[in-house]
Amino acid sequence: MGGAPAGVSSPPAVIDARCLSYAYDDGTEALREVSLSIGKGERVAIVGPNGAGKSTLLHILAGLKPSSCGTLRLFGEPFSKKNERALRARLGMLFQDPDDQIFMPRVWDDVAFGPINRGLDEKEVGRRVRKALEAAGLSGYDERVPHHLSYGEKKRVAFAGVLAMEPQILLLDEPTANLDPRNRRDLLNMVETLNKRGTTVVTATHDMSAIADIADRVYVLDRTIVRQGTVRQIFMDPELLESKNLEIPEITRLFRLLRYFGYDPKNLPLSVDQAVAELTKTMREGDGHVHLHLHRHVHDGTDDKKLEPDGKGHGHEHPV
């Protein structure tokens with residue numbers, strides 16, 4: 001189930017789920033025999049259409065919901081009532097709606113709730129809260145009322161509460177939903193920083209434009225796992241994406257279109273940063289230019305000006 005290349009050993013699994021299933025009280029099936037394995041320090045995304053069971057799966061992995069059947073091992077230990085408190089203390093989960101996660105009268109109290117509930121002393125609680133508020137860009141918000149804040153600020157408060165628990169595994173449920181560009185970028189940067197420090201990150205999302213920034217490996221979920229692979233492998237399977245109502249990022253789509261103009265990068269960019277790097281490299285190698293071509297294709301007796309890849313039988317027009 002791992003994603004390590006051939007000849008490279010996979011990191012030890014911190015999440016190992018086998019044949020997890022879940023049904024709602026009315027009998028509706030939410031998950032069916034879901035199996036996945038996630039190694040220490042990995043960045044993994046779980047994508048799928050609405051109603052695919054992404055949030056339900058995250059709740060099960062976090063120990064917040066019991067599966068109807070199947071097994072779950074966290075950090076190599078079978079998850080059970082005996083050890084659920086100890087194991088859950090090593091995980092942090094950011095809910096899709098921050099209002100489901102913040103409930104105290106002050107920002108400081110909200111961020112401190114988890115560490116206090118864990119029984120940490122006052123000095124350690126203070127250290128963690130200050131560190132989390134600074135990391136979340138909320139220095140000076142100690143006395144603010146969480147429910148008077150903007151949506152983006154509420155998301156930061158909820159994230160700071162997770163950071164204060166110093167989790168080894170971070171579970172994110174649609175983290176970029178309803179965020180403006182700045183808050184979205186800041187949150188993705190915070191997640192990246194955590195991962196670089198060794199935190200395992202598991203993200204459930206249908207924001208495909210964020211995938212390349214938060215994941216190296218992807219599971220496609222539609223009540224059961226229908227495919228898993230690298231981000232590039234998943235993005236390069238248009239039939240799969242279309243069948244699951246998922247779209248590749250606009251930047252990747254643009255570069256696929258540029259192939260029809262004669263510009264064919266070795267690796268299609270999956271994010272804006274990758275696109276900038278690819279264009280910069282191309283311009284350095286091409287004397288500061290990116291050469292594009294337009295081709296005319298004639299078929300069925302009609303002259304249809306159609307963009308086609310380079311090939312025989314196409315007449316070059318003037319380079320653009």
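The values are calculated or read from the model by the stated rules, or taken from the named source; none is laboratory data. Predicted model, so just to flag it, every value in this text is computed and none were measured. Here the Cβ positions follow ideal geometry from the backbone for every residue, glycine too, while neighbour counts run over all protein chains shown.
The condition (being under 19 Å from K40 (Cα atoms) and not acidic (D, E)) is satisfied by just one residue among P66, P78, P98: P78.
Being hydrophobic (A, V, I, L, M, F, W, C) and in contact with a Ser or Thr (Cβ under 6 Å, 6 or more places away or on another chain) narrows it down to one of A89, A62, A45, so name that one. Walk me through it before giving the result.
Values: A89 fails: in contact with a Ser or Thr (Cβ under 6 Å, 6 or more places away or on another chain); A62 fails: in contact with a Ser or Thr (Cβ under 6 Å, 6 or more places away or on another chain).
Result: A45 is the single residue among A89, A62, A45 that is hydrophobic (A, V, I, L, M, F, W, C) and in contact with a Ser or Thr (Cβ under 6 Å, 6 or more places away or on another chain).
Considering E285, E242, the condition of being at pLDDT below 75 and farther than 30 Å from V162 by Cβ is satisfied by E285 alone. A single member of R217, R223 is at positive phi and buried (at least 16 other Cβ atoms within 10 Å of the Cβ), and it is R223. Would it be correct to say that G70 is small (G, A, S), surrounded by fewer than 20 Cβ atoms within 10 Å (Cβ to Cβ) and at positive phi? It is true that G70 is small (G, A, S), surrounded by fewer than 20 Cβ atoms within 10 Å (Cβ to Cβ) and at positive phi. Mind counting the residues in region 123-151 that are farther than 19 Å from D100 by Cα and of a type in the set (S, T, Y)? Residues meeting the conditions: 2. Among the residues of region 13-35, is any part of a loop (DSSP other than H, G, I, E, B) and closer than 30 Å to P146 by Cα? Looking for residues that are part of a loop (DSSP other than H, G, I, E, B) and closer than 30 Å to P146 by Cα, one finds none in region 13-35, hence no.
Going by the conditions given, is R128 assigned by TED's automatic domain parsing to the domain that holds A89, within 29 Å of the chain's Cα centre (by Cα) and on the phi < 0 side of the Ramachandran plot? Walk me through it before giving the result.
Values: assigned by TED's automatic domain parsing to the domain that holds A89: yes; within 29 Å of the chain's Cα centre (by Cα): yes; on the phi < 0 side of the Ramachandran plot: yes.
Taking the combined requirement at face value, the residue satisfies it.
Return yes when V34 is at pLDDT 95 or above, crowded, with 16+ Cβ neighbours inside 10 Å and either under 23 Å from D213 (Cα atoms) or more than 21 Å from the chain's Cα centre (by Cα) (or both) and no when it is not. For V34, the condition - at pLDDT 95 or above, crowded, with 16+ Cβ neighbours inside 10 Å and either under 23 Å from D213 (Cα atoms) or more than 21 Å from the chain's Cα centre (by Cα) (or both) - is not met. Set side by side, the residues K131, K155, K123 differ, and just one is at pLDDT 95 or above, in a helix (DSSP H, G or I) and farther than 21 Å from D186 by Cα, which is K123. Checking every residue in region 192-203 against the condition of being among the acidic types (D, E) and surrounded by fewer than 18 Cβ atoms within 10 Å (Cβ to Cβ) gives at least one match.
Among the residues making up region 179-219, those that are farther than 21 Å from L163 by Cα and over 12 Å from the mean Cα position of the chain (by Cα) are D180, P181.
Looking at the structure I just gave you, is Q168 at pLDDT below 95 and touching a strand residue (DSSP E or B) at 6+ places or on another chain (Cβ under 7 Å)? Spelling it out, it is not the case that Q168 is at pLDDT below 95 and touching a strand residue (DSSP E or B) at 6+ places or on another chain (Cβ under 7 Å).
When residues in region 227-238 are screened for being in a strand (DSSP E or B), within 15 Å of G48 (Cβ to Cβ) and in contact (Cβ under 8 Å) with a residue 24 or more places away in the chain, 2 of them pass. Within region 70-97, residues that are touching a residue at least 12 places away in the same chain (Cβ under 8 Å) and under 16 Å from L170 (Cα atoms) sit with their Cβ atoms under 6 Å from residues that are of a type in the set (D, E, K, R) and assigned to a loop (DSSP other than H, G, I, E, B), at 6+ positions apart or across chains, in these pairs: Q96/E174.
Scanning for something on the phi < 0 side of the Ramachandran plot and more than 22 Å from the chain's Cα centre (by Cα), does region 41-64 turn up at least one residue? No; the residues of region 41-64 include none that is on the phi < 0 side of the Ramachandran plot and more than 22 Å from the chain's Cα centre (by Cα). For region 183-207, the set of residues classified as touching a residue at least 24 places away in the same chain (Cβ under 8 Å), of a type in the set (A, V, I, L, M, F, W, C) and part of a helix (DSSP H, G or I) consists of L187, L188, M190, L194, listed by residue number.
Considering region 64-103, and only residues there that are outside any loop (DSSP other than H, G, I, E, B) and of a type in the set (D, E, K, R), the residue that is nearest to Y22 (Cα to Cα) turns out to be R73.
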